[in-house]
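J.: Here it is, the structure in full.
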Amino acid sequence: MSNGFDLDAFEADLEDTLQRGCEAFRGKYRKELNELAGLSRSEIDAITPGITDLEKYDELMTVVKEASRVNLSQAQLKRIVEDLGSTAVVIARKVPSLGSFI
């Protein structure tokens, strides 16, 4: 009995996502990713109330991972982070290695 869910496609997408994650943590911004991943929930919650900060944190992690994976320039990464909005910028500035150019 099928529920319409394509498990094979899901597993293929998951494998691609995991591979890109590995590449990101070996890329240009691996230090920044490690520091960003090290932020505590209370540090993130202190920025804004509710879940907005967690959503922005997740978006920021995704952006930095992809930037690391493709070796994006600092200027390009800065522009993209700024486009995420002020909450993402505040979170980025809590990470010394990101804050130095954001």
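J.: Would a scan of the stretch 81-99 turn up a residue that is in a loop (DSSP other than H, G, I, E, B) and open to solvent by less than 70 Å² (accessible area, probe 1.4 Å)?
T.: yes
J.: Of everything in the stretch 1-21 that's in a loop (DSSP other than H, G, I, E, B) and among the small types (Gly, Ala, Ser), which residue is modelled with the lowest pLDDT?
T.: Ser2
J.: Specify the residue that is surrounded by the fewest Cβ atoms within 10 Å (Cβ to Cβ); the eligible residues are those in the stretch 63-80 that are touching a residue at least 12 places away in the same chain (Cβ under 8 Å), in a helix (DSSP H, G or I) and not aliphatic (A, V, I, L, M).
T.: That would be Gln74.
J.: Right, Leu60: of a type outside the set (D, E, K, R), open to solvent by less than 40 Å² (accessible area, probe 1.4 Å) and closer than 16 Å to Gly85 by Cα or not?
T.: Against the criterion (of a type outside the set (D, E, K, R), open to solvent by less than 40 Å² (accessible area, probe 1.4 Å) and closer than 16 Å to Gly85 by Cα), Leu60 qualifies.
J.: While we're on this one: Go over the candidates Ile51, Ile44 one by one and state the one that is in contact with an Asp or Glu (Cβ under 6 Å, 6 or more places away or on another chain) and within 26 Å of Val89 (Cβ to Cβ).
T.: Ile44
J.: Just one of the numbered conditions (1) over 19 Å from Thr17 (Cβ atoms); (2) open to solvent by less than 30 Å² (accessible area, probe 1.4 Å) is not true of Asp45; which one?
T.: Unmet condition: (2).
J.: If you go through the stretch 10-34, how many residues are open to solvent by 90 Å² or more (accessible area, probe 1.4 Å) and either of a type in the set (Val, Ile, Thr) or within 21 Å of Tyr57 (Cβ to Cβ) (or both)?
T.: Adding up the residues that qualify gives 6.
J.: Under 7 Å between Cβ atoms, which residue pairs at least 6 apart in sequence (or on different chains) link something in the stretch 21-48 that is over 17 Å from Val81 (Cα atoms) with a partner that is surrounded by 14 or more Cβ atoms within 10 Å (Cβ to Cβ) and among the acidic types (Asp, Glu)?
T.: Note: pairs meeting the criteria are Asp45/Asp53.
J.: What's the number of the only condition in (1) modelled with pLDDT under 95; (2) within 22 Å of Glu23 (Cβ to Cβ) that Ile91 fails to meet?
T.: In the conditions (1) modelled with pLDDT under 95; (2) within 22 Å of Glu23 (Cβ to Cβ), Ile91 misses (2) alone.
J.: Check off (1) of a type in the set (A, V, I, L, M, F, W, C); (2) in a loop (DSSP other than H, G, I, E, B); (3) modelled with pLDDT of 90 or more for Ala24 and give me the number that stays unchecked.
T.: (2)
J.: I've got another one for you. I'm trying to understand the selection: among the residues of the stretch 63-97, which are closer than 14 Å to Lys28 by Cα and under 12 Å from the mean Cα position of the chain (by Cα)?
T.: Val63, Val64, Lys65, Glu66, Ala67, Ser68, Arg69, Leu77
The values are calculated or read from the model by the stated rules, or taken from the named source; none is laboratory data. On a predicted model such as this, the values are computed, not experimentally measured, just so you know. Cβ atoms come from the backbone with ideal geometry, glycine included; neighbour counts cover every protein chain shown. The protein model used for the area step is the full one, side chains on, heavy atoms only, and it has no ligands, DNA or RNA in it. Shrake-Rupley method; radii C 1.70, N 1.55, O 1.52, S 1.80 Å.
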